1. Just give me the residues in region 91-142 being small (Gly, Ala, Ser), modelled with pLDDT of 95 or more and under 18 Å from the mean Cα position of the chain (by Cα), in sequence order.
2. Taking region 90-104 as the search range and keeping residues that are open to solvent by 40 Å² or more (accessible area, probe 1.4 Å) and out of contact with any strand residue (DSSP E or B) (no Cβ under 7 Å at 6 or more places or on another chain), which one is nearest to Ala152 (Cα to Cα)?
3. Looking only at region 58-78, which residues are buried (at least 16 other Cβ atoms within 10 Å of the Cβ) and farther than 17 Å from Val8 by Cβ?
4. Say we look at region 227-264 and pick out the residues that are open to solvent by less than 60 Å² (accessible area, probe 1.4 Å) and part of a loop (DSSP other than H, G, I, E, B); which of these is farthest from Gly175 (Cα to Cα)?
5. Being assigned to a loop (DSSP other than H, G, I, E, B) and open to solvent by 50 Å² or more (accessible area, probe 1.4 Å) is the filter here; which residues of region 30-52 pass it?
6. When the residues of region 114-156 are narrowed to those that are among the aromatic types (Phe, Trp, Tyr) and either touching a Phe, Trp or Tyr at 6+ places or on another chain (Cβ under 6 Å) or within 15 Å of ligand 1 (Cβ to nearest atom) (or both), which ends up least open to solvent (accessible area, probe 1.4 Å)?
7. Just to be sure I understand the filter: pairs with C-beta atoms under 8 Å, separated by 6 or more residues or on different chains, first member in region 1-19 and open to solvent by 100 Å² or more (accessible area, probe 1.4 Å), second member assigned to a strand (DSSP E or B) and of a type in the set (Lys, Arg). Which pairs pass?
8. Among the candidates Lys55, Lys27, which residue alone is part of a loop (DSSP other than H, G, I, E, B), open to solvent by 30 Å² or more (accessible area, probe 1.4 Å) and within 26 Å of Arg2 (Cα to Cα)?
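The values are calculated or read from the model by the stated rules, or taken from the named source; none is laboratory data. This is a predicted model, so every value here is computed, not measured. Counting neighbours? That spans all protein chains shown, and the Cβs are built from the backbone with ideal geometry, glycine included. Note: areas computed on protein heavy atoms with side chains; ligands, DNA, RNA excluded. Shrake-Rupley method; radii C 1.70, N 1.55, O 1.52, S 1.80 Å.
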Amino acid sequence: MRTMRAAVLRDFSLGIQLEDLPIPEPKPNQVLVRILASGICHTDLHAIHGSWDKKPILPLIPGHEGVGIIEALGSKVTGFSLDQKVLIPWVGRTCRTCSFCSSGNENYCDRQFNTGYVIPGTHAEYTTADFRYILPLPKDIDPVQVAPLACAGLTAFETVKKLRSNDNKTLLIMGVGGVGHLAIQYAKEFFTRIIAIDPSAIRIAQAKLLGAETYSPEEWLSLNPKPLVDAAAVFAADPIAVTGAMNALRNGGTLALVALGKNK
Ligand SMILES: [Zn+2]
Ligand SMILES: [Zn+2]
């Protein structure tokens, strides 16, 4: 029996431990992927600590920002081939019949199986994944660089996609962390003015390099008059950031709340 090393969570009080496990067999709709890189998302910490109301199913291999190479194909897999590089995201499988699944919004499906939370994740040498939810990648792309796009990148892109419209030219981004700094880069395709606010000088410097107009919260508060924005996205789990974003919106503007606060 071929085995693999995997980070396994069996008990919230023990944390994750490295174990040797059998390499899984792909089911008909699955591919077997040899993992090259697996990003660490804050959700992994929530899984490991069991800190969300909806607990992960144990034992669990966390990880949902996976990049790897297909080593085996299930009998019903189409559109993918052996040795293909793929991205494995958070949404591992959904019901495929509800109104969300039928309209391309399967990330809202109530019956979704999340990678590294409900089904085995990517913090292992191998994993299996449903071919209908993985994405093909260019052969030469750097696995480490691209792995965070499987969760942080898709979250940022979906936010920008929902906020973009012909009427929306100015975007306010509250929080330039792992997701917010990617949102700036996607937003440059759709918005002519991007304002980014963050208390961290390092993050503000990065946001400026990425092309945003930047402010610390203090600078923004003292700005008079403040520009009104067409759309705002809050990536900081902070009620003050939410209030600040709402106050900055023009009449009829759009607000996206992305961060999960303690009192969600
Ligand atoms: Zn994540
Ligand atoms: Zn569904």
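1. Gly92, Gly116, Gly121, Ala129
2. Pass one, region 90-104, residues open to solvent by 40 Å² or more (accessible area, probe 1.4 Å): 90, 93, 96-97, 99-100, 102-104.
Cutting the leftovers down to out of contact with any strand residue (DSSP E or B) (no Cβ under 7 Å at 6 or more places or on another chain) gives us 96-97, 99-100, 102-104.
Values: Arg96: 23, Thr97: 26, Ser99: 25, Phe100: 21, Ser102: 24, Ser103: 22, Gly104: 19 Å.
So the residue we want is Gly104.
3. Correct list: Glu65, Val67, Gly68, Ile69, Ile70, Ala72, Leu73, Gly74, Val77.
4. The selected residue is Pro227.
5. Step one: of region 30-52, the residues assigned to a loop (DSSP other than H, G, I, E, B) are 39-41, 50-52.
Within region 30-52, Ile40, Ser51, Trp52 meet the criteria.
6. Filtering region 114-156 down to residues among the aromatic types (Phe, Trp, Tyr) leaves 117, 126, 131, 133.
Applying the additional criterion that residues be either touching a Phe, Trp or Tyr at 6+ places or on another chain (Cβ under 6 Å) or within 15 Å of ligand 1 (Cβ to nearest atom) (or both) yields 117, 131, 133.
On the way: Tyr117: 6, Phe131: 28, Tyr133: 26 Å².
For region 114-156, the residue satisfying everything is Tyr117.
7. Between residues of region 1-19 that are open to solvent by 100 Å² or more (accessible area, probe 1.4 Å) and residues that are assigned to a strand (DSSP E or B) and of a type in the set (Lys, Arg), the close pairs are Leu18/Arg5.
8. Just a single option satisfies the conditions, and that option is Lys27.
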